[in-house]
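The values are calculated or read from the model by the stated rules, or taken from the named source; none is laboratory data. Keep in mind it's a predicted model, so treat the numbers as computed, not measured. Here the Cβ positions follow ideal geometry from the backbone for every residue, glycine too, while neighbour counts run over all protein chains shown. Surface areas here come from the heavy atoms of the whole protein model, side chains and all, with no ligands, DNA or RNA. Shrake-Rupley method; radii C 1.70, N 1.55, O 1.52, S 1.80 Å.
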Amino acid sequence: MTRFLRLSLICVSLAVGLHVLTIAAMPRVLMAIASARMQEQGMVFNEMVHPGPRTAEEQTIVRPSPDLLYSVCLYDVTAGPIRISTSTMPDTYWSISGFAANTDNFFVINDVMAGSEPVDVTIGRIGADPGDVDYHSPSARGMILLRMLMKDADALPALEEARRMVGCEAVN
Amino acid sequence: MRAIGTAIIVLFFALLFGVGSALYRVETLSSSPDFQVGPWQGSLHAGSQAADGLTRAVIARTAMLALNREEAIYYIASTDNDGRALSSSCRYSLTGGDMPARWWSITAYGPDYFLIPNVENRYSITQTDIQAAGEGEFLVELAADGVRRSPDSLVLSNGTGPGQTFSLLLRLYHPSQAVLAAPEGLAVPIISNLGCL
């Protein structure tokens, strides 16, 4: 085998490995970038924040819905579980969903599932908090996202009031 | 010294082709869609813990924090019904009817996957708009200037400059069991090209 052929084979093998690694790492990297951007804007872990409706001037995550109000909590369950709680929610579509560091959507609670009851659930790390929590996050860090449908502008004050009652905090 | 130089060259080309091809593959959405109906296509594994690596990467790049399919199902169109890439240089009509879901919306996004700036801050057409118009069928005009040509239509801006690509995202929240079972059976909106600059 010539030296050139041997080097070419090494190069191709490395390129294939890097191709696979890049695709595998991309969700975590993009999630980390989004999280870093939010922290630059003042967000801290285990606290729900309530940005305004998404517009062309106000958007951090790709393909936001302009028809939803989003509230976000960057969570960290390294030190123990967190609690997500709401008061009575308004009569519209809403959901609270958890996204692990690799972007997997590991739980959803919506208005149909909750009925008219307030939400009060705990989230812990897989393996670290066995049995004592309602949902297990596959990663120590991730995002909790509250979506609320804004059917018209008149509904906005009630939605704003309700989402500001949604808590995301460490249990201990 | 020569061996180090050779190693650097090999590593350079491996990085160039390995990382470059991965980014190109994700950017060109070359994961096979799970379903396609006309120009609209989507994945049944958005947000799913069962998704493969490429699907996860494509979703993270183009629709991060997508919900799983029981909560919402997503249809993305990047071409018109004749297969031509959607362009801000062209005008389009979007025709269709109500869809079997608790609520739905269609939103236009620029080539960077972000909302397209426009004077009226109107980024989407929703089931609420269609129901308010009182018609079962709807007509949406997509035009860069956001100017309505037909009296009974709704209008969306599809770009801020000539020749920019854009995409449409149809979201169905709490889709019907029929859509979940066969998303390719949905009567999706028809995207027709009305002429280009």
- line: Scanning the stretch A:41-63 for residues that are within 14 Å of chain B (Cβ to nearest Cβ) and touching a strand residue (DSSP E or B) at 6+ places or on another chain (Cβ under 7 Å), the one farthest from B:Ile125 (Cα to Cα) turns out to be A:Pro51
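Residues checked against (1) at the interface with chain B (Cβ under 8 Å from one of its Cβ atoms); (2) surrounded by fewer than 22 Cβ atoms within 10 Å (Cβ to Cβ):
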| residue | (1), (2) |
| --- | --- |
| A:Pro66 | yes, yes |
| A:Leu74 | no, yes |
| A:Val77 | no, no |
| A:Ile84 | no, no |
| A:Gly98 | no, no |
| A:Gly115 | no, yes |
task: Could you please let me know if A:Gly142 is open to solvent by less than 30 Å² (accessible area, probe 1.4 Å) and under 16 Å from A:Ala79 (Cβ atoms)?
output: yes
message: When you check B:Ile76 against the structure, is it within 14 Å of the chain's Cα centre (by Cα) and closer than 16 Å to B:Val188 by Cα, yes or no?
response: yes
task: Kindly list the number of the only condition in (1) touching a residue at least 60 places away in the same chain (Cβ under 8 Å); (2) of a type outside the set (Phe, Trp, Tyr); (3) more than 9 Å from chain B (Cβ to nearest Cβ); (4) surrounded by 20 or more Cβ atoms within 10 Å (Cβ to Cβ) that fails for A:Thr103.
output: (3)
message: Kindly evaluate A:Thr22 against the criterion of being under 25 Å from B:Gly20 (Cα atoms) and among the polar types (S, T, N, Q).
response: yes
Complete set of residues in the stretch B:153-197 that are in a helix (DSSP H, G or I) and surrounded by 22 or more Cβ atoms within 10 Å (Cβ to Cβ): B:Pro183
message: Please count how many residues of the stretch A:27-52 are assigned to a helix (DSSP H, G or I), open to solvent by less than 70 Å² (accessible area, probe 1.4 Å) and out of contact with any Ser or Thr (no Cβ under 7 Å at 6 or more places or on another chain).
response: 4
- request: Could you please find all residues in the stretch B:45-61 being surrounded by 17 or more Cβ atoms within 10 Å (Cβ to Cβ) and under 13 Å from B:Pro33 (Cα atoms)?
  value: B:His45, B:Ala46, B:Ala51, B:Leu54, B:Thr55, B:Arg56, B:Val58, B:Ile59
task: For A:Asp76, indicate whether it is charged (D, E, K, R) and under 27 Å from B:Asn118 (Cα atoms).
output: no
task: Among the residues of the stretch B:36-72, count how many are within 13 Å of chain A (Cβ to nearest Cβ) and assigned to a strand (DSSP E or B).
output: 2
task: Looking at (1) of a type in the set (D, E, K, R); (2) touching a residue at least 40 places away in the same chain (Cβ under 8 Å); (3) touching a strand residue (DSSP E or B) at 6+ places or on another chain (Cβ under 7 Å), find the lone condition where B:Asp129 falls short.
output: (2)
- prompt: With (1) under 13 Å from B:Val155 (Cα atoms); (2) within 10 Å of chain A (Cβ to nearest Cβ) as the list, and B:Trp103 as the residue in question, which single condition is left unmet?
  reply: (1)
query: What do you reckon, is A:Ala24 among the aliphatic types (A, V, I, L, M), in a loop (DSSP other than H, G, I, E, B) and open to solvent by 40 Å² or more (accessible area, probe 1.4 Å)?
result: no
